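Here the structure is laid out as structure tokens; the discussion comes afterwards.
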Amino acid sequence: MIRCAVKSGGNVVAAARGDRRSPAIAAPTTVRMPDRVLCCGMRSRGADLAGVEMAGPQGGVTGLFRPRSSPRYARVRATASVDPEDIPLEKVQAKSSGNVLPYVGVACLGAILFGYHLGVVNGSLEYLAKDLGIAENAVLQGWVVSTTLAGATAGSFTGGALADKFGRTRTFILDAIPLAVGAFLSATAQDVRTMVIGRLLAGIGIGISSALVPLYISEISPTEIRGALGSVNQLFICIGILAALVAGLPLAGNPAWWRTMFGISVIPSILLALGMAVSPESPRWLFQQGKLAQAETAIKKLYGRDKVAEVMYDLKAAGQGSSEPDASWFDLFSKRYWKVVSVGAALFLFQQLAGINAVVYYSTSVFRSAGIASDIAASALVGAANVFGTMIASSLMDKQGRKSLLITSFSGMAASMLLLSLSFTWKALAPYAGPLAVAGTVLYVLSFALGAGPVPALLLPEIFASRIRAKAVALSLGMHWVSNFFIGLYFLSVVNKFGISTVYLAFASVCALAVLYIAGNVVETKGRSLEEIERDLSSAS
């Protein structure tokens, strides 16, 4: 038996064990292997093993292989902050003694604000329109809804560059500024111009957080629960939407309540900044910046000191410490990366063109036209279905896998939209149009929450190489927000021109196309570290 221990920052960490049979070698031995650079900035195994010295505990130096009857302890001196070339011969399988959940929770404040700012306009639009004098102007009402989406588009592109330059936690702190200021201006607006500016700033904030939250969570989450934690992002977006819908319930008795609905979102914005001030930076970003000692400190805080060697080895093996610089925006369109980047953009495009945000923004109006008495309560039911479905997805993410959940989700959405379309066209179903509208919408939202909602934001940071991860996530989310913007701006106009049945039928067709695309282009990532996924995709290209 060989027991391998790693010294990192002065701490000895137990490493992998294995049976090795070979005569002892009395002479001191230093293992040196050729230093070859492979594609995508990764180094060969020989480069990783260069400079590793195997020494026995008694001061004598032994070989790598030793008879079972003469156990020795091999010690690898691998203090990354001094010499990053000295790394463990085998990956350590130490148990994590840290806890990432508090830091995931802090990041998810950004997800709550994401959902809240999207949903808050649903029930409040009619009341704020009366207060601001735009009740008869559908165009200006559309801009109140869609200005947030325009800001989010700009914010999503900006977020990637900021995250690469300043790090994940500092960018979160900066992001809290437009989130808080935008909420305050919206709550105190006395004219439509101030409301639009407030919604624009809030949109920039949620655009940045939409890229940053899944990126940060994926980079700090342990491999074995990364799927569950990654889906928590979508869960808290749903909670934010639900909170906004529930917050609208007092509007019927207090028309001025809409100002309070916008104003209370200042509180989580401030908490986000304070929480991120004490949260650890992403070890992967620190390693990529060459800040090895700080990366080790972050790893100890997140997982415990026994995981330092294993995580540092994974980072080293993925080539994140190579001399290759961060990718530029133009690199995303190169032959090397375009295929995987296009998958990310396509997933978010399908997600939006499948109609989810049309349902979120205008479910109140749709229920009202179907004759539902309590339209706001029906919309709150939709939000609850979104939360419930996402909770189910969280439990299945690391068991069923990302790809199968996506296929199941889009298939269910296609069936739901077809049901909704038929409920508005078949005369035989006319007496049941109201209940069918609610049932079809709830089924649609449940299906969305099982995969189409949580999986893209989780899958993208997993499949993108480290040097393009932040910008590629930002680009994909830019596609999300652009399509979201146009749906929010023109949905009601398209419904008025073609009818809700035709629009829902178009959404069903998009869902069916998404199933075919996912089956042929999406890779499964469950149970694999980010570094393993990156190596496989890089070698495949």
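The values are calculated or read from the model by the stated rules, or taken from the named source; none is laboratory data. This is a predicted model, so every value here is computed, not measured. Backbone-built Cβ (ideal geometry, glycine too); neighbour counts: all protein chains shown. Accessible surface is based on the protein model in full, side chains and every heavy atom, while ligands, DNA and RNA are left aside. Shrake-Rupley method; radii C 1.70, N 1.55, O 1.52, S 1.80 Å.
Filter the chymotrypsin sites (Phe, Trp or Tyr not before Pro) in the range 139-184 to those in DSSP coil with at most 12 other Cβ atoms within 10 Å of their Cβ, and list the result.
Of the chymotrypsin sites (Phe, Trp or Tyr not before Pro), not one in the loops of the range 139-184 has a Cβ with at most 12 other Cβ atoms within 10 Å.
If you roll a 1.4 Å probe over the range 96-279 with all protein chains in place, what percent of the accessible area is carbon or sulfur?
Using a 1.4 Å probe with all protein chains present, the range 96-279 comes out at 71 percent carbon and sulfur.
Give, in nm to one decimal, the length gained when the segment between Ala430 and Phe498 is fully stretched (0.36 nm per residue of separation minus the Cα-Cα distance).
22.6 nm
What whole-number value in Å² describes the accessible area per residue of the range 236-352 for a 1.4 Å probe?
40 Å²
Summing +1 for each Lys or Arg and -1 for each Asp or Glu, what net charge is found among the other residues whose Cβ lies under 13 Å from the Cβ of Asn521?
Surrounding charge for Asn521 is +2.
Tell me the label-point distance for the pair Lys130, Leu422, using the 7 Å Cα-to-Cβ offset, in nm and rounded to one decimal.
Between Lys130 and Leu422, the label points sit 4.0 nm apart.
Taking 25 Å as the cut-off for C-alpha to C-alpha distance, list the pairs among Lys316/Lys526; Lys165/Lys291; Lys291/Lys339; Lys471/Lys526; Lys307/Lys526 that go past it.
Lys291/Lys339
What does the charge count around Met391 come to, taking other residues whose C-beta lies under 15 Å from its C-beta (Lys +1, Arg +1, Asp -1, Glu -1)?
0
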